[in-house]
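Written out below as structure tokens is the structure these notes cover.
Where a number appears in this text, it was derived from the coordinates with a stated rule and is not lab data. Since we're looking at a predicted model, the values are computed, not measured. All Cβ positions, glycine included, derive from the backbone under ideal geometry; neighbour counts span all protein chains shown.
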Amino acid sequence: MSRRGNREGSIYKHKATGLWCAQVHLGYDAQGKPVRQYVYGKTRQEVSEKMAKLLPQVNAGLISPERYSLGDWLYTWLYTYKKNTLRPTTFERYESLVRKHVVPALGKIALEKLRPEILQRFYLEKQKGLSSRSVEFIHAVLHGAMKKALQLGYISRNVCDCVEPPRKKQKEIRILTREELERFLFCARKHRLYPAFLLLATTGLRRGELLGLRWQDVDLDRGVITVSQALAVLSKKLVFLPPKTKAGKRMIPLLPEVVEELRGWKKKWLEEKIALGPDWPETDLVFPSEVHTPIYPRNFLRVFRDICESAGISGITIHGLRHSFASYLLASGENPKIVQELLGHSSISLTLDTYSKVLPGLKEQAIEKLRGFLNGVFE
């Protein structure tokens, strides 16, 4: 079968979205990258009919990249320019926001006819039902897509620069008090995965990093763990992904008490594996399910909530254990740069911004240290 040429169409089904898609190649942009027109539908027949109407216009030169609808351009931008540059989980989130929120509301508007007031009203409407974080993501997606359209000459301005973007709401970070942490760990001891929660509380690991930890990443003799992958859910399937940034791959020292707990856990882990027999798939995960398969993050979260309920603790998220770890270090006077490295933050500014409310007390500590150092100088 011969390959399709320019301005010929093809139809296929997106595995990720379940939508049918018709694709028409329009040519190449100034950078030599292919430019395509996409139309989407719930059935192959619907897309086939759309393409049948589209092709004559394309071949007659009546459809060009400048004639994109916003919806078609967003899908073009996502699949042509971003799919291979974004982390898979980030791409999936962007695509979901476009499909569920932007396209139904604004998708049919011609790209060059999107006006600031239309976009501003859209943001205001979405803020009624979505978190501020989700609306921020939508703005970032639209801004990026319109920026590329501007670079390619499809539009004369980026309307996203003409609106008031959603205001970032600083989340109130809820950390465990020392007494609450003691209660939490006491109740967690009754659960099979107590060592996992102990590790979260004393290392600042993210949930995905913990569930992706392998025994090959644990050096009990040296008392350190290496973060090299994370367990994530992608298209409803469990996958292992590398750290988001270079800083995310890191070594974290362990408390002696945690090392001893992990030694005991490893013996129990081996006993479980032997009891399961040879039929179960090989896994080196430190914290697998009872049948030694990867644990779904949602199931792990359910256990965390049960423990919190037993401990009489409310208003704390599983990420709160990570926040508590960082806050304890900063409150004890640890250098923020060290805390940044332990958390795997890409920059120290992220650490300082996240834990700014913990830092004021450290300023007073610093001045007291200076006072002691300069004692007698002013006499």
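Some observations on this one:
- Linear extension gain, Lys267 paired with Lys83, 0.36 nm per residue minus alpha-carbon span: 61.9 nm
- Taking every Cα-Cα distance in the range 178-365 and sorting them into 5 Å bins from zero, the calculated P(r) comes out as 1, 7, 15, 19, 20, 18, 11, 5, 2, 1, 0, 0, 0 percent.
- Hull volume per residue, based on the alpha-carbon atoms of the chain and their convex hull, is 226 Å³.
- Debye-formula intensities of the range 114-228, expressed as log10 I(q)/I(0) at q = 0.11, 0.12, 0.23 Å⁻¹, are -0.66, -0.71, -1.24 (one equal scatterer per alpha-carbon, no solvent).
- Using a Förster distance of 51 Å, the FRET efficiency for Lys337-Asp279 (Cβ separation, nearest 0.05): 0.55
- Taking the fewest neighbouring Cβ atoms within 10 Å as the starting point, the ordered list for Leu152, Leu199 is Leu152, Leu199.
- For the chain, adding -39500 (n - 2.57) for each run of n ≥ 4 DSSP H residues and dividing by the number of residues yields -14000 deg cm²/dmol at 222 nm.
- Two-decimal log10 I(q)/I(0) for the range 73-168, as the Debye equation yields it once each C-alpha is a single scatterer, q = 0.22 Å⁻¹: -1.24
- Dipole magnitude of the range 9-162 about its Cα centre (Cβ charges: Lys, Arg +1; Asp, Glu -1), debye to nearest 20: 360
- For the pair the range 179-194 and the range 281-356, the centres of their Cα atoms are 14 angstrom apart.
- Summarised as an ellipsoid, the range 175-269 has semi-axes of 22, 17, 14 Å, derived from the eigenvalues of the Cα gyration tensor scaled by 5 and square-rooted, with the largest first.
- Approximate spin-label separation Lys190-Ser346, in nm, with each point projected 7 Å along Cα-to-Cβ: 4.2
- Taking label positions 7 Å along the Cα-Cβ direction at both Ser310 and Leu19, the computed distance is 4.5 nm, reported to one decimal.
- Per residue convex hull volume, Cα atoms of the range 276-329, in Å³: 108
- To the nearest ten degrees, helix 360-373 and the longest principal axis of the Cα atoms of the chain are 50 degrees apart.
- Extents of the range 9-162, largest first, come to 42, 33, 27 Å (Cα atoms, principal axes, whole angstrom).
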